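*Asks:* One structure is given below, represented as structure tokens, and several questions about it will come after.
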């Protein structure tokens, strides 16, 4: 393949502070979903390539973990300014490899800045504990890093999701292997380069590219202490089982089927704009997308407003592409099956074409009414800009639909009633709840993570909860005064 003709140079692994060649590795094409064109290529690394990265991380760990956290965090203060400096270039990369709109890509990088800011606050959150537990006897508890850890990132947020793990894990003293999605490797290269520019020592962050071979090798590697994963539920479950069977810590985030419960007393305009944005933002390719609305009672007027808002969402303008040709075909098949099963397509986004990007992977905003719980579109994660609307008579019936689904990422209710909102907050079986908010993503320092089939493992992946995942507790008891009376506590 003539990689010189590609828009971006062929991707290389990043080990011990340098891009390295993997001459034995086959190359995989990287496509831009905006145009369908090949824009780069990446190496399908082997287990031996991973092992070289792990050895580099092991070599860096003693000095990095011994560096005081107040000094480690200075690197991330500098890194934050570099993210802000290169905001446009980073957003352009996200748009190119993922297909987001430029505004969405910029928002993703802005969230990465916020995640880095939180990591800079960690010295104030991991001070440890100290207590004189008996006369002359002192007990101390301190958080210590695990060693070499790994982060396996998905395609839908090439810049943000790596920042769910990199800043916190590294500030807490670990060294990391990052495995980006083979569909979106460009952002990972830039992240590694900027961290090096900020002063991160060589080997503290290493990037290894590849497919499921590397994912399996990460789960199996005896010198990797913990693994984080973000992706689909079937693969999350497989990664969790494989990693923990090899005695590693693992937090694996999977898919979702989030329900937006709309009551008749909901504010029509606010509800319509929120629901439309929730189902279509990032082309619906996010685990927090409101892919299913449950209308409770007389909500025809609100549904009409949702369709009106969704018509304003135009592919190629304020709606990005989906990730691949296969994804486009799968999403459109979901729509066709629902229609054939008796659902009513109120707004049809199939066969969307963007002038000048006729080979891009676009699906237009789609609204489907009168979906029933037995339809496949009501049960499976569509991961596209599609809203499936179901109807119920009562809020309890709506909650029964939400709670019957195997996932537990997010749920939301749109209402003007505080009592109804509280009822949903108390009874929805999901880890993140929204009230009049279609995408209830917690802001730092609150952590991100769902329940049930949406997350496997203890702790959340971001926020304060992540501290426990990326560290282990060391307890020390000391006594220096032999003259003190000894009792059962000393």
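*Asks:* So if each residue of separation counts as 0.36 nm, and I subtract the Cα-Cα distance between residue 476 and residue 59, what length gain in nm does that give?
*Replies:* Going from the current span to full extension adds 147.4 nm.
*Asks:* Relative to the longest principal axis of the chain, what angle (0 to 90°, nearest 10) does the C-alpha long axis of helix 160-171 take?
*Replies:* 10
*Asks:* Add -39500 (n - 2.57) for each DSSP H run of 4 or more in the chain, then divide by its residues: what number comes out at 222 nm, to the nearest 500 deg cm²/dmol?
*Replies:* -12000 deg cm²/dmol
*Asks:* Antiparallel DSSP bridges in the chain: what percent, to the nearest 5?
*Replies:* Roughly 45 percent of the beta bridges in the chain run antiparallel, per DSSP.
*Asks:* Further question on the same structure: So what's the angle, to the nearest 10 degrees on a 0 to 90 scale, between helix 186-198 and the longest Cα principal axis of the chain?
*Replies:* Its long axis makes an angle of about 30 degrees.
*Asks:* Which residues in the stretch 359-383 place their backbone N less than 15 Å from a point set 7 Å from the Cα of residue 451 along the Cα-to-Cβ direction?
*Replies:* none
*Asks:* Round to a whole angstrom and tell me the spacing of the C-alpha centers of the stretch 406-442 and the stretch 148-184.
*Replies:* 29
*Asks:* Cα axis of helix 300-311 to longest principal axis of the chain: angle in degrees, 0 to 90, nearest 10?
*Replies:* 70
*Asks:* Okay, moving on. Using the Cα atoms as the points, what is the convex hull volume per residue of the stretch 245-287 in Å³?
*Replies:* Taking only Cα atoms, the stretch 245-287 has a hull volume of 109 Å³ per residue.
Values in this text are rule-based calculations from the coordinates and carry no lab data. Since the model is a prediction, treat every value here as computed from it, not as a measurement. Cβ: placed from backbone, ideal geometry, glycine included. Neighbour counts: every protein chain shown.
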